[in-house]
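Report on the structure given below.
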Amino acid sequence: MRASRPAVHPVEAPPPAPPPPAQAQGQDQEQADGDVVTQPRGVRMKDPPGAPGTPAGLGLRLAQAFFAAAALAVMAATNDFPSVSAFSYLVAAAILQCLWSLSLAIVDIYALLVKRSLRNARAVCIFTIGDGITGTLTLGAACSSAGITVLIGNDLNICAENHCASFETATAMAFISWFALAPSCILNFWSMASR
């Protein structure tokens, strides 16, 4: 026996009504039935302070470059830093940190001048990876230089023959450069992970 089967056809939802003026400006508004209308899709939040393309982000990049350049200048002012591999590593890491921070500072200046957000997924990924690499190298160089400085100053007591004050200053500047880099790296990683 053949029974007829009802045919089911999908029904499309009606197009949404145009948003009221308050919602078009990005504000939530109560509807008549008590539901809250959320912001339309595609509206982004403001960039958090310290993110790429913000004035605070530019300040962090300039601080990173300044302290890395100071570590480089103080270490290069001594004539015996190439004899210790940790100090040569600090100089190489400081050079890389200066180049990275200055190039991203230029990108931040451009983004601020043209009022453009740097929340592009590919750009944030590149910023995060670059910050992670330069941060790891800078922290490793600062820690190894601190270890050698403590060895020279406290354990061997040969500061009279070496430039211990210069080594300590360069190491401190490298640590400060890393401390300025850490918020940028964390904000970029958070922005990349929240996509």
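The values are calculated or read from the model by the stated rules, or taken from the named source; none is laboratory data. Please read these numbers as outputs of a predicted model, since none were measured by experiment. Neighbour counts are summed over all protein chains in view; Cβ atoms, including those assigned to glycine, are modelled from backbone coordinates with ideal geometry. The area values use the complete protein model at the heavy-atom level, side chains included, leaving out ligands, DNA and RNA. Shrake-Rupley method; radii C 1.70, N 1.55, O 1.52, S 1.80 Å.
The table below gives the values:
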| item | result |
| --- | --- |
| Ratio of the Cα radius of gyration of the range 66-120 to 2.2 N^0.38 Å, where N counts its residues | 1.53 |
| Alpha-carbon gyration tensor eigenvalues x 5, square-rooted, for the range 55-194, Å | 33, 14, 10 |
| Chymotrypsin sites (Phe, Trp or Tyr not before Pro) restricted to the range 123-195 and DSSP loop, no more than 10 other C-beta within 10 Å | none |
| Debye, to nearest 20: dipole size of the range 55-194, +1 on Lys, Arg Cβ, -1 on Asp, Glu Cβ | 840 |
| Extension gain, ALA193 back to ALA13 (0.36 nm per residue minus Cα-Cα distance, nm) | 61.5 nm |
| Accessible area of the range 55-194 belonging to carbon and sulfur atoms, whole % at 1.4 Å probe | 73 |
| Computed label-point distance, nm, for sites ASN120 and GLU161 using a 7 Å Cα→Cβ extension | 5.5 |
| Loop trypsin sites (Lys or Arg not before Pro), the range 51-140 (other Cβ atoms within 10 Å of the site Cβ: 12 or fewer; DSSP) | LYS115, ARG116 |
| Segment ILE129-ALA56, length gained on full extension (0.36 nm per residue, minus Cα span) | 24.3 nm |
| With 5 Å bins from 0: P(r) over the range 115-195, alpha-carbon pairs, percent | 3, 16, 19, 16, 12, 10, 8, 6, 5, 3, 2, 0 |
